[in-house]
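Presented below is the structure to which this report refers.
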């Protein structure tokens, strides 16, 4: 049946796709546009999503290109070409920004796509965004590919949550570092209380998995204001900045909206209470770190600047690691406290490991400092 459908589509499509695809698969006429991703709290661009473009051809719609590639049996090959094009500009990224690239999970294990990852090598600062345009019943067979990407330093994101096939069961199986909320959830959220509640629920769900959410498709100031009010950390959309061949900054009108939102929010965040204890990437360095006067804990992180655990002075002789909660550094104090108390009583006193929007370690915050700030605020 699927072959018949493809044949009918081919009859209706007068474009000479085999010829166009042969040319595109060499990389000719293929380009990337980069849309800014914005940190809502700081009103600054912290990343870019690479989007495939085909400026060298009469057909410009990327969906038509990838649909045609699937029909002609070269979907994985075209996605690999788009990946190479996107990652080619990685070294030119502005400082402290990550790059998000798209890939369909149905082609993730293909040799051509794996070859791209192998050529890239170190993937720290790269977010691999899974775009489900085809139904994936189980991620089980792809776990090895996910593990390889994470081992290379990449983070994983699931696109279009709230629409299509990106369901909660897949989020549980994948445990992505980023959840991208579909435009359908954002459209008109300033007029829809149910949508607000759903975004809050997904935010809580993401927090329990040590992930964060990104609202995409923001097109109006009112939508952005509600997203900021709900504590969503990242945002993307035409109102914030359109895709462009080069790195673009935050739209001036959107920046004013975010500044106004920040003024209205009085809650302090973890950023103002950071501490910076010694950091080690090898357990062999723990003893030396504790030999310095005044050091009562050490942070263990991996070679991609991602925090792994907190080691206290009490744990040091056995090289044991205390379970520590990873939280975005711009999380409001009250939200951080609510997350912290979900841990077992034995873990309550363990400091929070704070990360930036790319999951990199930036410092720790002790629970005592959070409680003191909240108590002081309540008495003022």
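How far apart, in nm, are the 7 Å Cα→Cβ label points at residue 334 and residue 200?
1.1
Compute for the stretch 271-379: radius of gyration divided by Kirkwood radius, i.e. Rg/Rh, restricted to C-alpha atoms, rounded to two decimals.
For the stretch 271-379, the value is 0.97.
Using the alpha-carbon atoms, what tilt in degrees (0 to 90, nearest 10) does helix 2-12 show relative to the longest principal axis of the chain?
Long axis of 2-12 versus the principal axis of the chain: about 60 degrees.
Would you mind telling me the antiparallel percentage of the DSSP bridges in the chain, rounded to 5?
50
With a bin width of 20 angstrom, please list the P(r) values of the chain as percents of all Cα-Cα pairs, from the 0 bin to the one holding the largest distance.
Reading the bins upward from 0: 26, 55, 18, 2.
Using 1/(1 + (r/R0)^6) with R0 = 25 angstrom and r between the beta carbons of residue 222 and residue 268, what's the FRET efficiency to the nearest 0.05?
After rounding, the FRET efficiency stands at 0.45.
Return the distance in nm (one decimal) between the two label points of a simple spin-label model at residue 25 and residue 371, each offset 7 Å from Cα along Cα→Cβ.
It is 6.4 nm.
So, R0 is 25 Å and r is the distance between the beta-carbons of residue 60 and residue 259; what FRET efficiency does that work out to, to 0.05?
With R0 = 25 Å, the Cβ-Cβ based efficiency is 0.10.
Given the convex hull of the Cα atoms of the stretch 209-254, what is a quarter of its surface area in nm²?
The number I arrive at for the stretch 209-254 is 3.8 nm².
Taking the number of other C-beta atoms within 10 Å as the exposure measure, put 100, 60 in order starting with the fewest.
Ordered from fewest to most neighbouring Cβ atoms within 10 Å, 100, 60 come out as 60, 100.
DSSP beta bridges in the stretch 271-379, what fraction antiparallel, as a percent rounded to 5?
Just about 70 percent of them are antiparallel.
So between residue 252 and residue 362, what do we pick up on full extension, going 0.36 nm a residue minus the alpha carbon distance?
This chain segment gains 36.8 nm when fully extended.
Find the all-direction average of the projected area of the Cα convex hull for the stretch 205-301, expressing the result in square nanometres with one decimal place.
If you wrap the Cα atoms of the stretch 205-301 in a convex hull and average its projections, you get 9.9 nm².
Restricting to DSSP H runs of at least four residues, report the calculated mean residue ellipticity at 222 nm for the chain, -39500 (n - 2.57) per run over all residues, nearest 500 deg cm²/dmol.
-10500 deg cm²/dmol, from helical runs alone.
Could you give the nm distance between label points at residue 308 and residue 92, where each point is 7 Å from its Cα heading toward the beta carbon?
3.6
Among 325, 308, 371, which comes first, then next, by fewest other beta-carbon atoms within 10 Å?
By the 10 Å Cβ count, ascending, the order reads 371, 308, 325.
What is the mean projected area of the alpha carbon convex hull for the stretch 13-159, to one decimal in square nanometres?
9.6
Please give the helix 62-71 orientation as an angle from the longest Cα principal axis of the chain, in degrees from 0 to 90, rounded to the nearest 10.
Helix 62-71 sits at roughly 70 degrees to that axis.
Which whole-number percent gives the relative contact order of the chain, counting Cα pairs below 8 Å spaced six or more residues apart?
Relative contact order of the chain: 13 percent.
Pull out the extension gain between residue 287 and residue 172, defined as 0.36 nm times the separation in residues minus the alpha carbon to alpha carbon distance; nm, one decimal.
Gain on stretching residue 287 to residue 172: 37.6 nm.
Can you tell me the 0 to 90 degree angle between the C-alpha axis of helix 193-208 and the longest principal axis of the chain, rounded to 10?
70
Set the Förster radius R0 to 35 Å, insert the Cβ-Cβ distance between residue 343 and residue 109 as r into 1/(1 + (r/R0)^6), and round the FRET efficiency to 0.05.
The pair residue 343/residue 109 has a calculated efficiency of 0.45.
FYI, it's all coordinate maths here, none of it is from the lab. It should be emphasised that the depicted structure is a prediction, and the values quoted were computed from it without experimental measurement. With ideal geometry, Cβ positions are generated from the backbone for all residues, glycine too; neighbour counts draw on all protein chains shown.
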